[in-house]
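Below: one structure, written as structure tokens.
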């Protein structure tokens, strides 16, 4: 993966430069504003791109102070929301140009569109920053066939330790999870998003997680970017049980359930640590129900019989609302509880942390309290 980083970096920045050009040419330059104001808006876009470059460098190569990391994290989200606004503006402007109305009225509509579009873009950015500050507790009751006893599962997912997601951030999560008095805690991938040496202080906070039957972890796709074996070893040293295409039994014999976990489907691409559902289910108690931990919801396409409930993450619920539509193109489900078929349900956690900008819009971070009965 390290060899691919320069290519990834170039492609990543290239995409954002193209977005920048579109926003400038199809939005900012069309506004009924003075050339001086347009110049400042264009400078703002250049500063934004510079921030994105520093963000990538800070994520993968250097350590920045938290205040600086916060600032360079914002441009990705701001640019995305500006893009959505620019597309809306572009379509609206073309529509106004085709309307059979008097020219003075057309100009009025255009100027109104200018002001409202700029206002919406910056209001959405401010709202997204505000929403990211709060992690909601989602409580869900799920009925499972043949389960003799009620169990409480605390699910956290997609914390993405690194940068702003630091020791204090993780400590706060741990404190809130411990208050749930859960039977087990599950972490459904994308726990670490930097080199393990830079994440260790935050990871150590997970030692404090408390539950009756322990903490269980599966890797997500981001673990493959930062030496998946090192991250697995680090989790094990904390007393966390890593489920590597395997299962454990939770609860009293005959009254509990199988908890299985598989590697992420990203393993197929890199040809190591590949998910193997057959191996994961091989030694389960077939008389008891089975809960499967699989990072990406689309793994449900590989699941036939033998599984009653899948717990996933990965999608962040779209993180920034307009992005939700794109996530749906890749994943079977985006968030919440779904009845996939008569025998199989899936719950998708929207992510306890965030990737990229500390921004969320219409998709709050969550800690999930799942009661299965």
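Here, each number is a calculation from the coordinates, and none is a lab measurement. In this text, all values refer to a predicted model and were calculated from it rather than measured experimentally. We place every Cβ from the backbone using ideal geometry, glycine too, and count neighbours over all the protein chains shown.
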Checklist entry - If you take the alpha carbon radius of gyration of the stretch 271-336 and divide it by 2.2 N^0.38 Å, what ratio comes out, to two decimals? => result 1.29
Checklist entry - Where does helix 167-178 land angle-wise versus the long Cα axis of the chain, in degrees 0 to 90, nearest 10? => result 50 degrees
Checklist entry - To the nearest 10 degrees, how steeply does helix 5-26 sit against the main Cα axis of the chain, on a 0 to 90 scale? => result 40 degrees
Checklist entry - Ranked highest first by average number of other Cβ atoms within 10 Å, how do 67-74, 96-103 line up? => result 67-74, 96-103
Checklist entry - In what order do 157, 332, 117, 373 fall by count of nearby beta-carbon atoms within 10 Å, going from fewest to most? => result 373, 332, 117, 157
Checklist outcome for this item: What the 10 Å binned alpha carbon P(r) of the stretch 2-131 shows, as percent of pairs per bin from 0, is 11, 36, 30, 15, 6, 1
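Over the stretch 135-372, what per residue volume does the convex hull of the Cα atoms give, in whole Å³?
So the per-residue hull volume is 111 Å³.
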Next on the checklist: Once the convex hull of the alpha carbons of the stretch 282-373 is built, what does its volume come to per residue, in cubic angstrom?
Outcome noted: 112 Å³
Item to check | Whole-number percent relative contact order across the chain, with pairs defined as alpha carbons under 8 Å at least 6 apart | outcome: 19 percent
Checklist entry - Mean shadow of the stretch 209-273, computed from the convex hull of its alpha carbons, in nm²? => result 4.9 nm²
Next on the checklist: Compute the helix-to-body angle for 103-131: its Cα long axis versus the longest principal axis of the chain, expressed 0 to 90° and rounded to tens.
Outcome noted: 30 degrees
